[in-house]
Amino acid sequence: MTNVSFYEYAKLSTEEKEALLRRSETDLSGFVEKVVPIIEAVRTEGDAAVARFGRELDKADVSKANIKVTEAEFDEAFKLVDESVIESIQFGITNIRSFHEEQKPEAMWLKEIRPGAYAGDRFTPIQSVALYVPRGKGSFPSVTMMTSIPGVVAGVPNLAIVTPPAPDGKVDAATLIAARLAGVETVYKVGGAQAVAAVAYGTETIKPALKIVGPGSPWVVAAKRSLSGIIDTGLPAGPSEVMVLADDTVHGGLAALDLLIEAEHGPDSSAYLVTHSQRVVDEALAALPEHWAQMTEQRVEFSKTVLTGKTGGIVLTSSIEESYEFVNAYAPEHLELLSEQPFVHLGHITEASEILMGTHTPVSIGNFALGPNAVLPTSRWARTFGPLSVSDFVKRSSIGYVTPPAYPEFAKHSHNLALYEGFSSHALAVSPVRDAYLKKGG
């Protein structure tokens with residue numbers, strides 16, 4: 001039996017509890033140092049650097065001539081993927097689009113603040129957004145759906161996907177299918193730090209974007225941090241993490257099953273089962289070998305690394321209240337409330353980006369088909385960020401309109417506050433000087 005990391009929460013010191021909250025990307029200093037020359041090369045050399053890094057880092061057959069996916073490559077993708085997979089992609093797209101259409105704000109709203117004075121908001125789409133779709137440890141048409149659809153719903157006129165190519169220089173076929181069905185047909189064969197740099201600065205082939213969204217490796221996260229002054233890097237989405245909060249109404253084998261979902265993403269993932277039930281712990285430990293026996297070798301290796309390391313395992317608490325405490329302190333990306341009565345627990349959870357309720361809503365369904373966005377903040381950023389949404393693809397402008405009858409009262413109070421704060425020009429603009437100009441008209 002693999003020695004899964006096990007912790008009794010009540011017996012941990014403050015320092016040991018803090019250690020449980022750390023993710024693999026907490027310290028990115030080493031990555032930041034390494035991405036700087038990559039970024040500079042892309043900035044100065046453009047396509048030549050993008051192609052070179054594709055060959056050197058991704059071991060892919062990439063040249064300056066084939067960085068952009070062609071229409072023929074899109075068409076070919078539909079011949080390479082089984083019809084059942086295409087059907088599932090379409091099922092997911094339909095639900096994800098339906099969910100995100102409900103998020104779209106009205107183009108403008110105005111409220112009469114006082115008689116004759118109006119204030120409100122206007123929403124307009126961001127003009128260009130790059131969508132990062134990872135590839136290193138798998139193929140992710142689901143990420144393509146989750147990043148593309150809210151952008152399409154928001155009406156962003158220039159959406160482009162950047163994704164690492166395979167060794168043959170091609171993009172994952174299902175990813176291209178998901179892109180086309182979602183409504184995005186600009187895809188570039190570039191990943192990692194070089195992709196972030198390419199969309200930040202632009203190259204001969206790749207158009208610069210105002211913003212980039214989507215999850216990625218520590219290399220991608222480090223590049224985003226380094227380029228945050230050049231491009232809007234959106235919500236911080238790094239390596240996958242999951243927390244399964246299981247109470248004593250469920251079987252521990254089910255908890256173990258769901259614990260593996262995000263743990264299999266890679267050795268840099270984070271995954272914890274938290275429960276106050278010793279029975280659940282024992283059943284989970286007993287079931288893990290059975291589940292691993294039915295998984296592929298690579299995914300077993302990844303999940304074992306996570307669950308036996310410092311960013312995963314099983315946490316036994318002394319009470320359900322202590323479980324809530326750990327969950328809220330951790331602020332997980334994905335949280336499963338694994339219980340026959342999940343709504344009993346929901347009100348106690350304040351810090352989680354995605355909360356999946358009950359025994360029939362595993363992270364798998366949330367990732368692929370339910371509708372809510374599965375691009376989520378990691379590394380405790382759930383405390384201030386929410387899931388990727390239509391609002392990430394639009395910008396808000398405040399609207400104000402004061403009519404002539406309403407003006408005098410607003411001018412009086414604005415004049416008083418301007419003088420108090422010492423801004424003479426502010427005060428002058430709402431003084432009799434303005435009244436004189438208004439009387440003169442055009």
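The values are calculated or read from the model by the stated rules, or taken from the named source; none is laboratory data. From a predicted model like this one, the values you see are computed outputs, not experimental measurements. Don't worry about glycine lacking a Cβ; one is built from the backbone with ideal geometry, like all the others, and counts go over all protein chains shown. In case anyone asks, the SASA skips ligands and DNA or RNA and just uses the protein heavy atoms, side chains included. Shrake-Rupley method; radii C 1.70, N 1.55, O 1.52, S 1.80 Å.
Observations
- Count - residues of segment 326-343 that are open to solvent by 20 Å² or more (accessible area, probe 1.4 Å) and without any contact (Cβ under 8 Å) to a residue 60 or more places away in the chain: 2
- Members of segment 61-108 found to be open to solvent by 60 Å² or more (accessible area, probe 1.4 Å), touching a residue at least 40 places away in the same chain (Cβ under 8 Å) and among the acidic types (Asp, Glu), listed by number: ASP61, GLU71, GLU76, GLU101
- Any hit, segment 356-370, residues being more than 17 Å from the chain's Cα centre (by Cα) and under 27 Å from GLU15 (Cα atoms): no
- All positions within segment 67-86 that are out of contact with any Asp or Glu (no Cβ under 9 Å at 6 or more places or on another chain) and in a helix (DSSP H, G or I): ALA72, GLU73, ASP75, GLU76, PHE78, LYS79, LEU80, GLU83, SER84, VAL85, ILE86
- Residues that are open to solvent by less than 50 Å² (accessible area, probe 1.4 Å) and under 28 Å from LYS111 (Cα atoms) do occur in segment 369-386.
- Count - residues of segment 232-287 that are open to solvent by 20 Å² or more (accessible area, probe 1.4 Å) and not in a loop (DSSP other than H, G, I, E, B): 10
- Looking across GLU297, GLU321, GLU290, one residue alone is in contact with a Gly (Cβ under 9 Å, 6 or more places away or on another chain) and either surrounded by fewer than 18 Cβ atoms within 10 Å (Cβ to Cβ) or without any contact (Cβ under 8 Å) to a residue 12 or more places away in the chain (or both). It is GLU290.
- Residues of segment 188-202 satisfying the condition of being surrounded by 24 or more Cβ atoms within 10 Å (Cβ to Cβ) and under 18 Å from GLN127 (Cα atoms): VAL196, ALA198, VAL199, ALA200
- Test: residue in segment 134-142 that is part of a loop (DSSP other than H, G, I, E, B) and hydroxyl-bearing (Ser, Thr, Tyr): yes
- Scan of segment 235-256 for residues that are under 24 Å from the mean Cα position of the chain (by Cα) and of a type outside the set (D, E, K, R), ordered by number: LEU235, PRO236, ALA237, GLY238, PRO239, SER240, VAL242, MET243, VAL244, LEU245
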